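I have placed the structure first, in the form of structure tokens, so that the comments after it can refer back to it.
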Amino acid sequence: MLAEKEALLIAGIEKLRQVEVAEDAAPRSAVVCLQDTRLIARLKTGELAAFEELVEEFQPLVYVLCYRVLNDSEDARDAAQETFLKIYRHFSHFRGEASLKTWICRIAINQARSSERWWRRRYRKETVSLDAPVNWQRGQGDEAEQAPSEYLPSADASPETEALASERGRQLEHALTGLKKDFRIAVVLRDIEGLAYEEIAYVTGANVGTVKSRIARGREMLREAIEKQK
């Protein structure tokens, strides 16, 4: 019980690192895989320090995913804490059928969805419009496949470019919030977190074809929404 209380404290969400957007996910390096293997082995022994490392590494990701489902910062923090408690309590159930990151993503998404259903049952107003349809028209041509990374700054951008990119980033955030939840999650997992289609299918419980369709449609709607803001 004491260890579990310590785990809850460790799982407190205080600071978030900046999330970078990338069009294509880079393959995980052998070093990262080896680090995961070592961390998993330590976690399976119940080492609290290993769990603390896991929280430090994954809390920005977990918070962002919860926030993308719930659209509320406080609810996202609560869901993130519950996610880490579930990880702590049930890590023995991890069988390696997916990467550690993908497994954690799945738990976070499921926890956020459970939290959302809990609030909906209590007629909370903030959740009524989470999945409200967006009245956008479909675009045509290759531009429909444009990813959010097209709107964000490069590392060596000039001050003028950075200012423009900052505004585009604001537009992107507004547009992303307006997406229907399933499309929003798919785009975030692919273009922000860099998961492969098969990993997103595992996280969301949808088939790969559905995942690809959601990503393509989500990117298209983001592009259209940002164009409307200009």
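Here are the numbers:
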item: Kirkwood Rh in Å, taken over the range 68-108 so that all alpha-carbon pairs contribute; result: 11.0
item: Fraction in percent of alpha-carbon pairs per bin - 10 Å, the range 39-114; result: 21, 54, 23, 2
item: THR204, THR177, THR45, reordered so the largest accessible area comes first (probe 1.4 Å); result: THR45, THR177, THR204
item: Additional length obtainable on full extension of the chain from LYS228 to ARG170, 0.36 nm per residue less Cα span; result: 19.5 nm
item: Restraint check, LYS86/LYS212; LYS86/LYS181; LYS101/LYS228; LYS44/LYS212, Cα-Cα greater than 27 Å; result: LYS86/LYS212; LYS101/LYS228; LYS44/LYS212
item: Accessible area of ASP78 in the full protein assembly, 1.4 Å probe (Å², nearest 10); result: 90
item: Protein-only accessible surface order, largest first, of LYS228, LYS181 at 1.4 Å; result: LYS228, LYS181
item: Estimated vicinal HN-Hα couplings, Hz - the range 195-207 in sequence order (Karplus 6.51, -1.76, 1.60; Gly, Pro = x); result: 6, 6, 4, 5, 5, 5, 4, 5, 5, 8, x, 9, 7
item: Nearest-0.05 FRET efficiency for GLU47 and GLU198, computed from C-beta distance (R0 22 Å); result: 0.15
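The values are calculated or read from the model by the stated rules, or taken from the named source; none is laboratory data. Everything numeric in this text was worked out from a predicted model, so none of it was measured. Neighbour counts run over all protein chains shown; Cβ positions are idealised from the backbone, glycine included. For accessibility, only protein heavy atoms count, side chains too; no ligands or nucleic acids. Shrake-Rupley method; radii C 1.70, N 1.55, O 1.52, S 1.80 Å.
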